[in-house]
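Contents: one structure, followed by commentary.
Coordinate-derived values only; no laboratory data. Note that the coordinates shown come from a computational prediction; the quantities given were computed from them, not determined experimentally.
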Amino acid sequence: MKRKQLQDRIINKLKRESLLLVAGSLGAFVVGLVILFFTFWSTFGLLIFTTYWWISLSYNMLKTLSAVFLALLFIGNATTKRAYLNKLELERAKFNCSVSRSASGSSDIPIL
């Protein structure tokens with residue numbers, strides 16, 4: 001009897017965790033779509049603002065240029081190597097440490 005109850009508890013716990021993972025994935029997907037929506041329309045607005053006075057582009061051409069920009073942004077982010085991002089994070093950490101030390105009195109930056 002105890003073994004059956006333990007199995008039922010484990011199964012129920014796994015079901016709950018699975019549902020939470022699916023709900024979290026769907027939530028992240030929706031947030032990503034919202035960010036994509038705002039990125040597209042802010043790019044579109046920027047293109048309208050910058051090209052309105054110089055050249056006359058159609059509405060469809062501006063939408064196409066915005067979509068191409070998003071595609072290039074996606075490709076650029078997808079091809080960025082993690083080692084580069086880790087190196088960049090270390091450089092930021094070193095800069096933040098030197099700035100905080102210079103604020104406290106000891107400075108790594110020479111004063112001219």
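Okay, here's what the table says:
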| item | result |
| --- | --- |
| Residues of segment 1-12 satisfying the condition of being assigned to a helix (DSSP H, G or I) and hydrophobic (A, V, I, L, M, F, W, C) | Leu6, Ile10, Ile11 |
| Count of residues meeting criterion [of a type in the set (S, T, N, Q) and not in a helix (DSSP H, G or I)] in segment 13-72 | 2 |
